[in-house]
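Throughout, read-outs are computed from the coordinates displayed, never taken from laboratory work. None of these values were measured; they are calculated from a predicted model. Glycine gets a Cβ as well: all are built from the backbone with ideal geometry, and neighbour counts include every protein chain shown.
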């Protein structure tokens, strides 16, 4: 069977365009990773089918592909749903770290939850808590917690925030460097470059961005890094302290003496940030570190929480309840106060003790 | 190290898609389309896999540590587009062996019950 090259080319590119649209039936997290490769593979299959069997081959390929697409996209959606249900119930991890020299027992109770809020159509927040199973990796690189808040229309904010969380973790643990602070900073910069690159590949993704706040716990120190207005707090006894500093317009105004912290809380421009991932190939990442003590609680969260639950309330809740109950109550509280934005919180209770020699 | 001691039988039985992808990667690293081609050449039309099944399986295999991405480069036989290549991890290879052994057992039972017409052609010898 022979065909004019022009017509063959047209059928090929029309098929690929059509397939790319159909890929929208997969969940955004799946598309973010595989859409490009799937399109590429489908184009290769089209070429082969056209060469071997012409337009008949192409329609046979479409038959198989559509059947496959309907089933697998439903499966991926179901899996994503299951994953978010699991997230809702939080995770609890307990781990013991043995460091060289002194033996330090390190016991973490972790709970995490994200919620769409009361008024948004989609949840563009993401989070992850990672405690390496391998004791050596845990001793070298510590446990990592990340919270991200995506910006951008349609689903692009979701993609940016998911990429930021996942790529920060992947880059961080792939590096052997034991200098936690610089390694964490590099991982976030790398995630930023990947998001900028992804945004430039597709018009629908241009302008996507995300905040990121990441915290690593190793030995008796917490290292935090941030871009944007997602935060890390440390709660010790009855005191709560914000470790990170927001890159927001209102914080700039407070620093310049133009606004008081109270005014900033209700200022109409309180959501404006001047730094985020996805904007520029190079991003400045701020670093902080703190000693932790037995009984300390770390809270990572997005502005959907901190805008609606003040520091005193936050402190009171995590003091009173275990992490799982705390995240639940924090999110409930933010929703009771209107829930205008997505709400995400990770709560980590740290138990440290010298192991018996 | 925890990973290297992972139980290679915990994931068995594998789905046909996962088994065929592991087999396709047993002798060389390949990109997605290369995996499809290898399976088609070996198994013919009895195993037909669309891109959704392929990448859905790849996603879970990456998460389970059976395979890893080995880099991006163009395939000289296709065009100058960069493609992501995948290869087996050591754990993936052990799981593949365990699954092949399990299937071999099944075939032996089938032979002993005279289910196969021509047992020596299919069973092979250990």
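General remarks:
- On Cα atoms only, tilt of A:311-320 relative to the major axis of chain A in degrees: 80
- Cβ-Cβ distance of residue A:255 and residue A:313, R₀ of 25 Å, FRET efficiency by 1/(1 + (r/R0)^6): the value works out to about 0.50.
- For chain B, the longest principal axis of the C-alpha atoms and the axis of helix B:16-25 are separated by about 60°.
- The relative contact order of segment A:206-333, computed from alpha carbon pairs under 8 Å that lie at least 6 residues apart in sequence, is 31 percent.
- Relative contact order computed over chain B (Cα-Cα under 8 Å; 6+ residues apart), in percent: 29
- A simple spin-label model places pseudo-atoms 7 Å from Cα toward Cβ; at residue A:288 and residue A:12 they are separated by 5.5 nm.
- For chain A, the spread of Cα positions along the three principal axes, ordered from largest to smallest, is 79, 54, 35 Å.
- The alpha carbons of chain B occupy a box of 52, 39, 24 Å along the principal axes, longest dimension given first.
- Peptide A:49-58 is shielded by partner chain Cβ atoms: per residue, an average of 0 of them sit within 10 Å of its Cβ.
- Gap separating the Cα centres of segment A:5-28 and segment A:154-173, nearest whole Å: 27
- Part-to-part distance (alpha-carbon centres) for segment A:200-225 and segment A:31-69, which is given in Å: 35
- Sites residue A:336 and residue A:174 - FRET efficiency at Förster radius 51 Å, r taken between beta-carbons, to 0.05: 0.80
- Per-residue Cβ neighbour counts within 10 Å put A:319, A:275, A:255 in the sequence A:255, A:319, A:275, beginning with the fewest.
- Across chain A, the mean sequence separation of Cα contacts (distance under 8 Å, 6 or more residues apart), normalised by length, yields a relative contact order of 19 percent.
- Sorted ascending by nearby beta carbons within 10 Å, beginning with the fewest, A:350, A:137 become A:137, A:350.
- Stretchable slack from residue A:202 to residue A:137, in nm (0.36 nm times residue separation minus alpha-carbon distance): 19.7 nm
- Peptide A:62-68 is shielded by partner chain Cβ atoms: per residue, an average of 3 of them sit within 10 Å of its Cβ.
- Degrees, to the nearest 10: A:323-336 long Cα axis against longest axis of chain A: 80
- Ordered by the number of other Cβ atoms lying within 10 Å of each residue's own Cβ, fewest first, A:254, A:243, A:195, A:331 fall into the sequence A:254, A:243, A:331, A:195.
- For A:32-38, mean number of other protein chain Cβ atoms within 10 Å: 5
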